[in-house]
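Structure first, then comments.
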Amino acid sequence: MDQPADTEGSCGRPPGPKLIYTHPAGGLNLVITIGVYLGIALASPIVLYQVWLFVAPALYKHERGAITGFLFSTVFLFLAGIAFGYFITIPYVLHFWLVPAHVQFGT
C-alpha cells in the first residue's frame, strides 16, 4: 500500500506559514532590520536618560517639572495609541481586508 504524503509539520501539527523572500539577500536584510529596530528600542531609555542628565542642570526647577510631566504624558499617550491600534483598529482592518465583500453588479 502507498502511504499518503506527509502534509503535517513536526509533532503532528499542520505546517505553518513560510517566509517568502523576493530577492537573494532577503533573509539577511530581515535579520539586520530586526536587529537595528531592537537595538534602537533597547538603547533608547539609556540614550534619553543621558540626554536628560545633560539638559537638566541648565533648567530651572519649574521647567524641570513641566518637562517631566510632559514626558510622562507622552509615554502614556504613546502606549495608549499602540493599544488602540492593536486592539481596536487592526481587527476592523483585517476583517475588511480578509472578508470578501458581497457586491452585486447589475440588476
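Hey, among the residues in the range 58-107 that are in a loop (DSSP other than H, G, I, E, B) and of a type in the set (Val, Ile, Thr), which one's modelled with the highest pLDDT? Show your work before the answer.
Start the filter on the range 58-107 by keeping residues that are in a loop (DSSP other than H, G, I, E, B), which leaves 59-60, 99-107.
Narrowing the set further to residues that are of a type in the set (Val, Ile, Thr) leaves 99, 103, 107.
Details: Val99: 79, Val103: 62, Thr107: 58.
Ranking the qualifying residues of the range 58-107, first place goes to Val99.
Starting from the range 64-80, keep only residues that are touching a residue at least 60 places away in the same chain (Cβ under 8 Å), then list their pairs with residues that are assigned to a helix (DSSP H, G or I) and of a type in the set (Lys, Arg) whose Cβ atoms are within a distance under 6 Å, requiring at least 6 positions of separation or different chains.
Partner pairs satisfying both residue conditions: none exist.
Go through the residues of the range 93-101 one by one and say whether even a single one is out of contact with any Cys (no Cβ under 8 Å at 6 or more places or on another chain) and surrounded by 10 or more Cβ atoms within 10 Å (Cβ to Cβ). Talk me through it step by step, then tell me what you get.
As a first pass, look at the range 93-101 and keep what is out of contact with any Cys (no Cβ under 8 Å at 6 or more places or on another chain): 93-101.
Filter once more, so that each one left must be surrounded by 10 or more Cβ atoms within 10 Å (Cβ to Cβ): 93-94.
Yes, the range 93-101 contains at least one residue that is out of contact with any Cys (no Cβ under 8 Å at 6 or more places or on another chain) and surrounded by 10 or more Cβ atoms within 10 Å (Cβ to Cβ).
Examine the range 30-40 for a residue that is more than 30 Å from Ile20 (Cβ to Cβ) and surrounded by 10 or more Cβ atoms within 10 Å (Cβ to Cβ), and state whether such a residue exists.
In the first step, residues of the range 30-40 are kept if they are more than 30 Å from Ile20 (Cβ to Cβ); the result is none.
No, that holds for no residue.
Quick check, is Gly27 over 24 Å from Leu71 (Cα atoms), exposed (fewer than 10 other Cβ atoms within 10 Å of the Cβ) and modelled with pLDDT under 90?
On the way: over 24 Å from Leu71 (Cα atoms): yes; exposed (fewer than 10 other Cβ atoms within 10 Å of the Cβ): no; modelled with pLDDT under 90: yes.
No, not satisfied.
For the range 42-57, give me each residue that is modelled with pLDDT under 90 and loosely packed, with under 10 Cβ neighbours inside 10 Å.
Scanning the range 42-57 gives a single hit, Pro45.
The values are calculated or read from the model by the stated rules, or taken from the named source; none is laboratory data. Computed from a predicted structure; not experimentally measured. Because the Cβ atoms are built from the backbone with ideal geometry, glycine has one as well, and the counts that use them run over all protein chains shown.
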